1. With the condition kept exactly as written, say whether any residue in region 140-150 is hydrophobic (A, V, I, L, M, F, W, C), at pLDDT 95 or above and more than 30 Å from MET224 (Cβ to Cβ).
2. Can you report the number of residues in region 139-167 which are in contact (Cβ under 8 Å) with a residue 40 or more places away in the chain and of a type in the set (Gly, Ala, Ser)?
3. Return the residue satisfying two criteria in turn: it lies in region 265-305 and is crowded, with 20+ Cβ neighbours inside 10 Å and small (Gly, Ala, Ser), and of such residues it is nearest to the chain's Cα centre (by Cα).
4. What number goes with the only condition from (1) open to solvent by 30 Å² or more (accessible area, probe 1.4 Å); (2) at pLDDT 95 or above; (3) of a type outside the set (Ser, Thr, Tyr); (4) in contact with an Asp or Glu (Cβ under 8 Å, 6 or more places away or on another chain) that HIS155 does not pass?
5. Where residues in region 158-190 are among the acidic types (Asp, Glu) and in a strand (DSSP E or B), which of them is most open to solvent (accessible area, probe 1.4 Å)?
6. Can you tell me which residues in region 232-245 are open to solvent by 20 Å² or more (accessible area, probe 1.4 Å) and either under 19 Å from THR279 (Cα atoms) or within 18 Å of the chain's Cα centre (by Cα) (or both)?
7. Considering (1) surrounded by 13 or more Cβ atoms within 10 Å (Cβ to Cβ); (2) among the aliphatic types (A, V, I, L, M); (3) free of Cβ contacts under 8 Å to residues at least 60 places away in the same chain, say which one LEU262 fails and leave the rest.
8. Just to verify a result, which residue in region 75-106, among those that are aliphatic (A, V, I, L, M) and out of contact with any helix residue (DSSP H, G or I) (no Cβ under 9 Å at 6 or more places or on another chain), is modelled with the highest pLDDT?
Amino acid sequence: MCGLTRFCVVLTVVSWALLGCGGSGNLLEKIPPTINTVKPSNRYAKQVAAVLAQTPSTAVGQEAGALYFKTLAHAVAEEDSRSMLVTPEDKGFPGFMAVLASGHGSMPNPDMTALLRGARQAGYQGVVVAAIRDIRVSTIRTGLFWFRKKRFLAHFAVTADLYDPHLAAKVVSGVVESEVRISENDYESYKSGTAITIEELEEEIVDAAEGLGEQIGEALSDIMWKVTVRGTEGDRVVIPAGSGVGLKEGDRFIVFEGRRQLEGQQGEQFIVPGYQVGTFQVDAVADQKAEARASAEGKIQYGDIAVPVR
C-alpha cells in the first residue's frame, strides 16, 4: 500500500504542476507553428524557369526537340495559369540555368544543389528540366512464313522534371518511352541523315509532351507560394520578389527557419523548413524585390522561408 500511496502523491503533484502552467493544452499551444499549419495566400504569380537540356544532334532530333519543348510549356501554362514560364528565348532567362541550356548531345550533369540555390535567391517557384533522351529507328519482321513483312519503327524517350527550389526537391519526374510505325522512306532518310522530320514520330512526341505538361502544371498549382529571405539588417528584411509577381505594400508574411538540410542518397541537400521564427509586413516594393519590417529584430535570418498569409 505504501508504494501505491507514493504513486498517487506523485501523480497529484504532476497534475498540480500542469494546472499551474495553464494545462497540457496550453503547453502544446506554446510549440511554434510549422509551415504545414499555415493557411497561405495564393494570389501571387509563380516564376518558373524552364529549359530543354538535351536533344539528339540529328536534324530530326532538333526539330522534335523544339516541338516537344514548345508543346510542354504550352500544356503547363494551360494547366496552371498562375505560373509564368521563363525559357531561353525570353529576355529575362536567368543565368543560373545557363549550364542546362545547351540543348544538344549528352545530358548535362550540373550541381543541382547550387542551381536550385540560385533559383531560390532569384525568387523562382519552380525549375523545369525537359529532355529528349533518345530517338532512333529500327526494323522488325512480322507475320508467318511467306506472309512475313518488314516493319519500320521509330523509338523515342522523353523526360520532364519539376523541382521546388525552396525545398531543393524533385516534385515531378516524368518519363515517356514509346515507338511508332513509320514509312520505309522515312526510315531510309533517317539512316542516311537526310530526314528533317518524321510526321508520325512528332505526333507521338506531342502527345507525350501534353501529358507531361499537364502533370507539371497540376503539381505547380499545388506548390505553396514561398520566397527565401535574401538579406536582413536589424529589423529590415529583403526578399527576391516584388510587383512583377503581384506583391504590394502591406502584404504580410510568416517566416519559418530554412537553414536545416537533409542529405539524400546521391549527396543532394534537401531543405527541411523548421518552426516559425517571425513575421514581417512589406513596406517597399520594386519590380523584382521587396523590403519589409520584421516583427522581432535578429530572429529572421538569411535563407529562412517566408509564406504570404491572407
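1. Within region 140-150, the subset hydrophobic (A, V, I, L, M, F, W, C) is 140, 144-147.
Among the residues that remain, those that are also at pLDDT 95 or above are: none.
Looking for residues that are hydrophobic (A, V, I, L, M, F, W, C), at pLDDT 95 or above and more than 30 Å from MET224 (Cβ to Cβ), one finds none in region 140-150, hence no.
2. Selection size over region 139-167: 2.
3. Among them, the one singled out is ALA290.
4. It is condition (1) that HIS155 fails.
5. First, the residues of region 158-190 that are among the acidic types (Asp, Glu): 161, 164, 177, 179, 184, 186, 188.
With in a strand (DSSP E or B) added as a condition, the list becomes 161, 164, 177, 179.
Details: ASP161: 16, ASP164: 8, GLU177: 142, GLU179: 100 Å².
Result: GLU177.
6. Filtering region 232-245 down to residues open to solvent by 20 Å² or more (accessible area, probe 1.4 Å) leaves 232-236, 238, 243-244.
Scanning region 232-245 gives THR232, GLU233, GLY234, ASP235, ARG236, VAL238.
7. (1)
8. Applying the first criterion (aliphatic (A, V, I, L, M)) to region 75-106 yields 75-77, 84-86, 97-101.
Right, trim to out of contact with any helix residue (DSSP H, G or I) (no Cβ under 9 Å at 6 or more places or on another chain) and you get 98, 101.
Working: ALA98: 88, ALA101: 81.
For region 75-106, the residue satisfying everything is ALA98.
The values are calculated or read from the model by the stated rules, or taken from the named source; none is laboratory data. Not measured: the values here are computed from a predicted model. All Cβ positions, glycine included, derive from the backbone under ideal geometry; neighbour counts span all protein chains shown. Heavy atoms of the whole protein, side chains included, go into the accessibility calculation; ligands, DNA and RNA do not. Shrake-Rupley method; radii C 1.70, N 1.55, O 1.52, S 1.80 Å.
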